[in-house]
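Participant: I have a structure here, written as structure tokens, and I will follow up with some questions on it.
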Amino acid sequence: MDKTSVQKLSYYFDGLSHTIPDEGIEFWFARDLMEPLGYVRWENFQTAIKRAIESCETTGYDPNDHFRGVTKMIEIGKGGQRAVDDFMLTRYACYLIAQNGDPRKEPIAFAQSYFAIQTRKQELIEDRMRLLARLDARERLRESEKTLSQNIYERGVDDAGFGRIRSKGDAALFGGHTTQVMKDRYGITKTRPLADFLPTLTIAAKNLATEMTNHNVQQEDLRGEHAITREHVQNNESVRDMLGQRGIKPERLPPEEDIKKLERRVKTEEKKLVKQSGKLPNPKLEE
């Protein structure tokens, strides 16, 4: 998402916020957020809200402090009005709802960062969006490698064989540099995965090659370590060639911050967000 889009969405979400008089508690109405977050039907958005409430309970916080059912009057034809159900949502509640969306959708990716950060500084929102994109890419790589491990185990390859296949794939992607060579270059300890320190682009490249291998192993019913290794190496070489056409060499990209540290930071920020969001007062607010 470019800077202009982030700025426009920031202004838009700012305009939807309300403040409880004399309380200084910022909140949003769920129906105002439904469309910007990509929901067409209120019933579907209620499902997302329900999941967010369950998540709030799971983390040990009282949902009544952050989700408040209210009744609003809306305009209908010929000057009439009718009552509809709605929710008042604290910033933390909005964050939890965004967490239940697909981060690959731009409005959701933006909302996850917008509501997580108390300040409205655009550069901080952009930084967090990049952080979340990296975390999401790493999680998708974990899933694709897990699937590959399961696929090849069913085809006669054990855990040690999976390690060799993945290592040879790395060597193909990094221009002949093995996993250990890349770890040494980045200063990574032997017990930590290389992918936890790779930039988002390289993580995505590894994931693409792995997904291609998963697809072809199943489509062509490849069996045995030799056949699957050849397939995985070819896929990594293809991805490397594609990057090379754009002047990108994965082995020359600098490492980034440890994924584990980023995950801990996100958890810490989430705890701060709960306190900073405040609690909704008991009286219902109608609009």
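Participant: Please find, among LEU280, LEU222, LEU273, the residue that is surrounded by 18 or more Cβ atoms within 10 Å (Cβ to Cβ), touching a strand residue (DSSP E or B) at 6+ places or on another chain (Cβ under 8 Å) and among the hydrophobic types (A, V, I, L, M, F, W, C).
Facilitator: Testing whether each residue is surrounded by 18 or more Cβ atoms within 10 Å (Cβ to Cβ), touching a strand residue (DSSP E or B) at 6+ places or on another chain (Cβ under 8 Å) and among the hydrophobic types (A, V, I, L, M, F, W, C) leaves just LEU280.
Participant: A further question follows. If the requirement is being in a helix (DSSP H, G or I), of a type outside the set (Gly, Ala, Ser) and under 27 Å from LEU132 (Cα atoms), which of these qualifies: VAL239, VAL217?
Facilitator: On inspection, the qualifying residue turns out to be VAL239.
Participant: Confirm whether ARG134 is closer than 22 Å to LYS272 by Cβ, in a helix (DSSP H, G or I) and either touching a Ser or Thr at 6+ places or on another chain (Cβ under 9 Å) or not hydroxyl-bearing (Ser, Thr, Tyr) (or both).
Facilitator: Yes: the conditions hold for ARG134.
Participant: Hey, any hits in segment 241-259 for a residue that's touching a His at 6+ places or on another chain (Cβ under 6 Å) and assigned by TED's automatic domain parsing to the domain that holds GLN150?
Facilitator: yes
Participant: Also: So, THR210, is that one of a type in the set (Ser, Thr, Tyr) and either assigned to a helix (DSSP H, G or I) or modelled with pLDDT of 95 or more (or both) or not?
Facilitator: yes
Participant: Return the pairs, sorted by first residue and then second, in which the second residue is crowded, with 16+ Cβ neighbours inside 10 Å and among the aromatic types (Phe, Trp, Tyr), the first residue lies in segment 233-261 and is over 21 Å from ARG142 (Cβ atoms), the beta carbons are less than 6 Å apart, and the residues are 6+ apart or on different chains.
Facilitator: Filtered contacts from segment 233-261: GLU251/PHE174.
Participant: In the set LEU262, LEU201, which member is outside the structural domain of GLY176 (by TED's automatic domain parsing) and out of contact with any strand residue (DSSP E or B) (no Cβ under 7 Å at 6 or more places or on another chain)?
Facilitator: Residue meeting the stated conditions: LEU262.
Participant: While we're looking at this one, here's another question. Name every residue in segment 242-287 that is in contact with a Gly (Cβ under 7 Å, 6 or more places away or on another chain) and not in a loop (DSSP other than H, G, I, E, B), in order of residue number.
Facilitator: Result: GLU251, single match.
Participant: Condition test on ILE188, is it crowded, with 18+ Cβ neighbours inside 10 Å, at pLDDT 95 or above, of a type in the set (Val, Ile, Thr) and out of contact with any Pro (no Cβ under 6 Å at 6 or more places or on another chain)?
Facilitator: For ILE188, the condition - crowded, with 18+ Cβ neighbours inside 10 Å, at pLDDT 95 or above, of a type in the set (Val, Ile, Thr) and out of contact with any Pro (no Cβ under 6 Å at 6 or more places or on another chain) - is met.
Participant: Let me ask something else. Would you check which residues across segment 242-275 are more than 20 Å from the chain's Cα centre (by Cα) and closer than 30 Å to ASP65 by Cα and list them?
Facilitator: Listed by number, the list holds a single entry, LYS275.
Participant: Among helices (runs of 4 or more DSSP H) lying entirely in segment 10-120, which contain 3 or more residues that are surrounded by 12 or more Cβ atoms within 10 Å (Cβ to Cβ), out of contact with any helix residue (DSSP H, G or I) (no Cβ under 6 Å at 6 or more places or on another chain) and without any contact (Cβ under 8 Å) to a residue 60 or more places away in the chain?
Facilitator: Qualifying helices (runs of 4 or more DSSP H): 42-58.
The values are calculated or read from the model by the stated rules, or taken from the named source; none is laboratory data. Just so it is clear, the structure is predicted and the values come from calculations on it, not from any experiment. Glycine gets a Cβ as well: all are built from the backbone with ideal geometry, and neighbour counts include every protein chain shown.
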